Amino acid sequence: MNRGPIAEREGKGIFLTSDPLIRPSVLMIARADLDTMVQHCVERLPNEACGILAGSGGRVEQVYRMTNARPGPASYEMEPAEQFRVLKDIRQSGRSLVGIYHSHPGSPAYPSGIDVEKAYWPGTLFPNYPGAVQVIVSLADLQHPAVRAYSLDEGAVAEVALKVE
Ligand SMILES: [Zn+2]
């Protein structure tokens, strides 16, 4: 049963493609897509990179490299117009937003306090991207990039298993 995007249901006029009820406990990603994501993050050094993962059923099917509108070694913000276009593209392709990724150029693959804060509408525990997994690519050891996935539901950080196919 498709209950529709939460923000639409609540009349906020913002399109969200995923549903919190189907947040996967495992995120599956093809080796090629994982490589695309890591390569994007390496190219953007020394700044953070960010992107969107689209797919269905907890499986990544497309990686969207996004423009970091606030580039810095410890900051990112997806360019809003580009984000709007990508979310529309995901919707039209019949996929869901399954994840958001960003890099940590010099720190571990674990959500920072700011990452947790940014996961919710200001002052609430209502997630900005309900159901989306947060993927963090750590390049602290450039020879061995670390990629981990998390859910940030209700203020708690929980790791989501990343299964590389
Ligand atoms: Zn971060």
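Could you give the nm distance between label points at GLN62 and VAL116, where each point is 7 Å from its Cα heading toward the beta carbon?
Spacing of the two 7 Å Cα→Cβ label points: 3.4 nm.
When only alpha-carbon atoms count, how far does the range 23-164 stretch along each of its three principal axes, as whole angstroms with the largest first?
Principal axes ranked by extent give 36, 35, 30 Å for the Cα atoms.
Share of antiparallel DSSP beta bridges in the range 23-164, in percent to the nearest 5? Before the final figure, lay out each step's value.
Working: 24 of 35 bridges.
Counting DSSP beta bridges with both partners in the range 23-164, the antiparallel share is about 70 percent.
Mind ordering 129-137, 26-34 by average Cβ neighbours within 10 Å, highest first?
Working: 129-137: 22.9, 26-34: 16.7.
In descending order of packing, they fall as 129-137, 26-34.
Tell me, what HN-Hα J-couplings in whole Hz come from the Karplus equation 6.51 cos²θ - 1.76 cosθ + 1.60 at θ = phi - 60° for each residue of the range 69-76, using x for Gly and Pro?
With the stated coefficients, the range 69-76 comes to 6, 9, x, x, x, 9, 8, 8 Hz.
Using 7 Å Cα-to-Cβ label points, what is the SER107/ALA156 separation (nm, one decimal)?
2.3 nm
Amide H neighbours of GLU77 under 5 Å, at least 5 residues apart or on other chains, H built in the peptide plane: list them.
ALA69, ARG70
Averaged over all directions, how much area does the convex hull of the C-alpha atoms of the range 99-155 cover when projected, in nm²?
So the Cα hull casts an average projection of 3.5 nm².
Which of the trypsin sites (Lys or Arg not before Pro) across the range 89-165 are loop residues per DSSP, with 13 or fewer other Cβ within 10 Å? Please list the in-between numbers first.
Values: sites: ARG91, ARG95, LYS118, ARG148, LYS163; in loops: ARG95.
Filter output for the range 89-165: empty list.
Distance in nm between label sites at LEU45 and GLN143, each 7 Å beyond Cα in the beta-carbon direction?
Once both label points are built, they end up 1.3 nm from each other.
At R0 = 30 Å, how high is the FRET efficiency between ASN128 and LYS163 if r is their beta carbon distance? Nearest 0.05 is fine. Numbers along the way, then the final one.
On the way: r = 25 Å, r/R0 = 0.83.
E(calc), rounded to 0.05, equals 0.75.
Which of the peptides 71-79, 44-52, 97-105 is most tightly packed, and how do the rest follow, judged by the mean count of other Cβ atoms within 10 Å per residue? Please report the intermediate quantities before stating the final value.
On the way: 71-79: 15.9, 44-52: 20.7, 97-105: 25.2.
Descending mean neighbour count gives 97-105, 44-52, 71-79.
FYI, it's all coordinate maths here, none of it is from the lab. Bear in mind that the values here come from a model prediction, so they are computed numbers and not experimental data. Positions of Cβ are backbone-derived with ideal geometry, glycine not excepted, and every protein chain shown enters the neighbour counts.
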